[in-house]
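Just below is one structure, and these are the notes that go with it.
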Amino acid sequence: MNSRKTVQQFLETEKAFGLHEISVPKQASPIPSVFSDKKTALDALREEFKNCQLCALAQTRTRLVFGDGNPGARLMFVGEAPGFDEDKQGLPFVGAAGQLLTKIIEAMKLKREDVYIANCLKCRPPQNRNPFPEEIKTCSPILLKQIQIIQPKIICALGKFAAQTLLSTEEPISRLRGRFFNWNGVKLIPTFHPAYLLRNPGDKKLVWEDMQKIMAELKAGA
Ligand code: URA
């Protein structure tokens, strides 16, 4: 069937369903090239690692959890590793800790779609055990590449593993949180992990203080 006939048939069907006018925009709305370039680069990276076998977690994972959100995000959250729900769904922070993170993001007057969310490890450690140093060493190049592509203005490291991995330090999270670090030209601020907050709700006010610092930076044009 030639394409003219296809279009004609389409229009006749539309007419039969009561559509009498089709408005064609003069110009297709442009896709910002920066966004599409970053999306393309992230998609290519995801594709490269979709069947990753670089460590033993490949044998126990259900799904690899690459990361999710806006490729052009100014703010990026980095967590530890996928848990039970993330492993099932292939998306970061969708379990109980994820629901709290969503509330935090919304309290900042942002949406999850505005930010980018990733983890140090892309696959779930069995029984949610802590990541092994070797696993972090093997997996973190993917995270570094994600950051390089997204080029966020601010990185919020959620919890000890994200903060210590990115800052190459063993300082405890209680001492790291709430301070901005210069991480290769990006402002990096560690805070407590949402899973920790579920166990220690009294510390939510400290995290809220940290989020307010981020909001002030974003407002100032970061
Ligand atoms: N905890 C994390 O660190 N990351 C997730 O994606 C979920 C829970």
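Every read-out reported here was derived from the displayed coordinates using simple, explicitly stated rules and does not represent laboratory data. Quick caveat: nothing in here was measured; it's all calculated off a predicted structure. Here Cβ is always computed from backbone atoms with ideal geometry, including for glycine, and neighbour counts include all displayed protein chains.
Details
- Ordered by the number of other Cβ atoms lying within 10 Å of each residue's own Cβ, fewest first, THR191, THR60, THR138 fall into the sequence THR60, THR138, THR191.
- Taking the fewest neighbouring Cβ atoms within 10 Å as the starting point, the ordered list for THR102, THR165 is THR102, THR165.
- The range 74-222 pair-distance distribution - Cα-Cα, 5 Å bins, rounded %: 2, 9, 20, 26, 23, 14, 5, 1, 0
- Mean-position separation - Cα centroids, the range 53-107 and the range 161-222, in angstrom: 18 Å
- When MET215, MET76 are arranged by Cβ crowding within 10 Å, least crowded first, meaning fewest neighbours, the order is MET215, MET76.
- With θ taken as phi - 60° and the Karplus curve 6.51 cos²θ - 1.76 cosθ + 1.60 applied, the whole-hertz 3J(HN,Hα) list for the range 135-140 is 5, 5, 4, 6, 8, 5 Hz, x standing for glycine and proline.
- Vicinal HN-Hα couplings computed from phi for the range 86-102 (Karplus, 6.51 cos²θ - 1.76 cosθ + 1.60; Hz; Gly/Pro x): 5, 4, 6, 8, x, 10, x, 6, 10, x, 4, 5, x, 5, 5, 4, 4
- Global size of the range 77-141: 12.4, 37 Å for Rg and Dmax (C-alpha atoms, Rg to one decimal, Dmax whole).
- In order along the range 43-48, the phi-based Karplus estimate (6.51 cos²θ - 1.76 cosθ + 1.60, θ = phi - 60°) of 3J(HN,Hα) comes to 4, 5, 5, 4, 4, 4 Hz; Gly and Pro are listed as x.
- Taking amide H atoms as placed 1.01 Å from N in the peptide plane, the amide H of LEU110 has no partner under 5 Å among residues 5 or more positions away or on other chains.
- Fully extended contour minus Cα-Cα distance, from ARG63 to TRP208, at 0.36 nm per residue: 49.0 nm
- Cα-based reach from LYS38 at 18 Å (exclusive), listing aspartates and glutamates while leaving out same-chain residues under 8 positions away: GLU47, GLU48, ASP68, GLU113, ASP114
- Per residue, the average separation of C-alpha pairs within less than 8 Å and at least 6 apart gives the range 82-208 a relative contact order of 21 percent.
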